[in-house]
Structures are given as structure tokens and as C-alpha cells.
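Following: one structure in C-alpha cells, then a few remarks.
None of the figures in this text is laboratory data; all of them are computed from the coordinates on show. Remember, it's a predicted structure, so these values are computed and weren't measured experimentally. Counting neighbours? That spans all protein chains shown, and the Cβs are built from the backbone with ideal geometry, glycine included.
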Amino acid sequence: MNVIVVFNKFTDEYIGITYATDDMKLDESACCDVHFKYKTVDMDPETEVWQGNFSEGAVVPLGQQKTVITETELDADCQDKIFREYRYYHQLNVVYGVLDKLIEDSTIDESLLSEYRSMRQYIDSIVSNNERYKMAYATQDGYEYRDKAKEREVLNAQLEGGLHEVLGREAHPGTPQ
């Protein structure tokens, strides 16, 4: 099936694919070239994907596609694990209890300290494990790990000169209109 692969015109970053049914006709000439450029390739969207940018990308089988893992996803998962074990109000209540006791008589009740230590050990363990995930994904074949800077770089490359500049963005609250 002929598929049109869409790229950012200015950065060559991959955006997505589009294709028509057998009853429709779609070719590159029908696509807007103000912000995007296109490449027509033969691929089966059910079993294949585009991987890469305009000049270095290629059609690859789904089974050979690299899984993109971002630092933001791993950090969100880490935060979620901590939150499920220690909701924010619970974390604060533990800290406040310890601080109140410190302020009260400069000694710490061991029961408060025990809960505080347990919480800190849990959080430290989850954060440490998250760092190991980041290192593993960064070095593991079959994965493309993107730290926050790379994630932002790819997003900026996808959006550079794109529709968001034509359409604008939502006004920031407090910005005079």
C-alpha cells in the first residue's frame, strides 16, 4: 500500500503517516507543503512502521521497531509508585510529626523516626531504581532512551515551523489580550 510519510519541512523530523482507502486517491501533491514535506513509501500499516527522520529513516517491521522510552515517563512512573505508597498528605504528615517533635523538645520519638525512616528508605529505593531503569534503557539494544533534553529537542524539531505557529497557542493566564 502506498503510504505518505509526513515530516517537518524545516527539521526533517518524522511526524506521522497518512494513507487513503482503495476508493480514495491521495498523493503528495494534495498535501500542504508550507510546513511539511512528504515521502511516499510502500508499506503495510498493520505490520510495518516508519522509523527515523526524512533522510535516514526507513520502513521497519513492527517487531523490529525500537521502543522509545523517555525520562519523563520513567520519572512519572517513579512518582506514581511513591504516591501509591505514600500520598502527599501522608508524606507531609510524617514530616510534620517529626518536625513538631523536634521543635517541641529537640528529641525525636522513635515511633515518628521509624515511620520517617521507612518512608525515606522507600522513596530512596524507588528513585535509585528509576536511575537504574534510565541507565538500562540508555544502553539496551532495541530501545531509544530519551532524557528530558532529548525529548524536548525531538518535540521542538517536530513542531518547528509547524501548524502550532500558524494556529498560535493558548494565551497564558494573566497575559493581557
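Cross-linked pairs K81/K148; K9/K66; K9/K148; K39/K150; K101/K134: Cα-Cα separations exceed 29 Å for K101/K134.
Relative contact order of the chain: 26 percent, from C-alpha pairs under 8 Å at least 6 residues apart in sequence. Residues within the reach of a label modelled at M1 (point 7 angstrom out along Cα to beta-carbon, backbone nitrogen below 18 Å), restricted to the range 42-83, are 42-51, 59-63.
Peptides 87-98, 8-19 ranked from most to least packed, by the mean per-residue count of other Cβ atoms within 10 Å: 8-19, 87-98. With the simple spin-label model, which puts each label point 7 Å out from Cα in the Cβ direction, the A20 to D33 separation comes to 1.7 nm. Pairwise Cα distances in the range 33-106 exceed 19 Å in 66 percent of cases.
With R₀ fixed at 41 Å, the C-beta to C-beta distance from A136 to D12 puts the FRET efficiency at about 0.90.
For the chain, the extents of the C-alpha atoms along the principal axes are 79, 49, 28 Å, listed from largest to smallest. Farthest toward the positive end of the dipole of the range 1-146, out of A20, T139, H35, is the Cα of T139, where the dipole comes from beta carbon charges about the Cα centre. The convex hull around the C-alpha trace of the range 55-96, projected and averaged over every direction, spans 5.0 square nanometres. Here the Gaussian network model covers the chain, with springs between Cα atoms less than 10 Å apart; of E153, E85, E144, E85 fluctuates the most. Rounded, prolate or oblate: which one fits the range 62-151, using the alpha carbon gyration tensor with axes a ≥ b ≥ c (rounded when a/c is under 1.5, else prolate when a/b beats b/c, else oblate)? Since a/c reaches 1.5 and a/b is larger than b/c, the shape of the range 62-151 is classed as prolate. Between K150 and S55, the simple label model (points 7 Å from Cα in the Cβ direction) yields a spacing of 2.0 nm.
A Stokes-Einstein calculation at 10 °C with viscosity 1.306 mPa s, built on the Kirkwood radius of the range 2-65 over Cα pairs, returns a diffusion coefficient of 131 µm²/s.
Based on the Cβ-Cβ distance of L62 and F83, what FRET efficiency does E = 1/(1 + (r/R0)^6) give at R0 = 45 Å, to the nearest 0.05? Could the numbers behind the result be given before it?
On the way: r = 33 Å, r/R0 = 0.74.
Once rounded, the FRET efficiency stands at 0.85.
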